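Quick notes on the structure that follows.
The values are calculated or read from the model by the stated rules, or taken from the named source; none is laboratory data. Worth saying up front: this structure is predicted, and the values here are computed from it rather than measured. Note: ideal-geometry Cβ built from the backbone for every residue, glycine included; neighbour counts use all protein chains shown. Ligands, DNA and RNA are excluded from the accessible area calculation, which covers all protein heavy atoms including side chains. Shrake-Rupley method; radii C 1.70, N 1.55, O 1.52, S 1.80 Å.
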Amino acid sequence: SMFGIVVVGVAIVMIGGGMDLSVGGQMAVVGMITGVMLCEWELPIPVAAIGAMLIGICFGLFNGIVAVKLKIMPIIVTLGTMLILQGVAYIITGGYPITGMPDDFLMLGQGYIGVIPIPVIVFAIFILFGWVVMNKTYLGRMIYALGGNKEAARLAGINVNRLTVMVYAFAGFAASIAALIMVSRTNASQPGAGSTYPFDCMTAACLGGISMAGGEGKMSGIVISVIILGILDNGLVLMGVNTNFQSVVKGIILLFAVAIDCYQGSAKKKTA
């Protein structure tokens, strides 16, 4: 569920023609700051949660604004942000995890509503929100237009810079929600949390039909790809497969998914 929530944010960024490799670093820093606010500062849970979400949104805004104002490729901006945030996560507590979260906070990651885990419900809300926005609203159409042809979108009257910043802010928000759930579920803030998420999210998005070139992809494909990768991860762990070999498998899947995307893109150009 945590992984799927982040994938939704990354997928919307990719549909808009961008890329966000910093989501793992965002999760780590937001998680560590959440631990500090709850365990060291002893802030009320709602205040800490709102603060964590605002920090995640600010990270996303930073990525979008830097990419727009300095006209740097988003993949370079977010790669730099990823490295910075990974370092910051370890600096906050000197690399030590923070444990002992309040019992009420643990409900977010470990609680149930009926027989359904709360993280699954949150993931379902994100998928539903993404599907409605991308398929039923003008905002979704503008994001598709932004990814399809940025100059054409600008000439059509779309404020492409503001829209770019918005999609990165949403990705930061998604990463912050996933961080809150992860901290709650493990009862600890880990500086290395989410370290594999950037490329795992890219793999899931590509496998779900999101085009690397932007402007194409559906939320329904995201659900299927997240389930497939989740089953694959669990299966490899249960089989006792070496962690390094798991990375090899994920890398092959990423190459396969991108190859299919490139092939389909070439076929469409030939047809046109």
Can you pull out the residues in the range 189-201 that are open to solvent by less than 20 Å² (accessible area, probe 1.4 Å) and not in a loop (DSSP other than H, G, I, E, B)? Ser189, Pro198, Cys201
Pairs please, first residue from the range 1-17 and under 10 Å from Ala171 (Cβ atoms), second anywhere and assigned to a loop (DSSP other than H, G, I, E, B) and open to solvent by less than 10 Å² (accessible area, probe 1.4 Å), Cβ atoms under 6 Å, 6+ apart in sequence or on different chains. Val10/Asp20; Ala11/Ile210; Val13/Asp20; Met14/Ile210
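For Ile91, indicate whether it is β-branched (Val, Ile, Thr), under 23 Å from Glu216 (Cα atoms) and open to solvent by 10 Å² or more (accessible area, probe 1.4 Å).
no
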Cβ-Cβ below 9 Å, separation at least six or inter-chain, first residue in the range 21-47 and over 28 Å from Val77 (Cα atoms) and touching a residue at least 12 places away in the same chain (Cβ under 8 Å), second open to solvent by less than 10 Å² (accessible area, probe 1.4 Å) and of a type in the set (Ser, Thr, Tyr): which pairs? Leu38/Ser189; Cys39/Ser189
Being out of contact with any helix residue (DSSP H, G or I) (no Cβ under 9 Å at 6 or more places or on another chain) and among the aromatic types (Phe, Trp, Tyr) narrows it down to one residue among Tyr263, Tyr168, Tyr197; which is it? Tyr263
Which ones in the range 56-78 are of a type in the set (A, V, I, L, M) and surrounded by 15 or more Cβ atoms within 10 Å (Cβ to Cβ)? Ile57, Leu61, Ile65, Val66, Ala67, Val68, Val77
Out of Val122, Val133, Val183, report the one residue that is part of a helix (DSSP H, G or I) and under 17 Å from Val36 (Cβ atoms). Val183
On the basis of being in contact (Cβ under 8 Å) with a residue 24 or more places away in the chain, among the polar types (S, T, N, Q) and on the phi > 0 side of the Ramachandran plot, does Asn187 make the cut? yes
Test: Asn159 is under 24 Å from Ile15 (Cα atoms), open to solvent by 40 Å² or more (accessible area, probe 1.4 Å) and either in contact with a Lys or Arg (Cβ under 9 Å, 6 or more places away or on another chain) or of a type in the set (Asp, Glu) (or both): no
Taking the options Ile177, Ile121, Ile98, Ile143, name whichever one is open to solvent by less than 40 Å² (accessible area, probe 1.4 Å), β-branched (Val, Ile, Thr) and touching a strand residue (DSSP E or B) at 6+ places or on another chain (Cβ under 9 Å). Ile98
Within the range 207-226, does at least one residue satisfy the condition of being within 14 Å of Ile15 (Cα to Cα), open to solvent by 20 Å² or more (accessible area, probe 1.4 Å) and outside any loop (DSSP other than H, G, I, E, B)? yes
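Quick test for you: out of Gly217, Gly140, Gly221, Gly208, pick the one residue that is free of Cβ contacts under 8 Å to residues at least 60 places away in the same chain, in contact with a Gly (Cβ under 6 Å, 6 or more places away or on another chain) and either of a type in the set (Gly, Ala, Ser) or within 30 Å of Gly87 (Cβ to Cβ) (or both).
Result of the check over Gly217, Gly140, Gly221, Gly208: Gly221.
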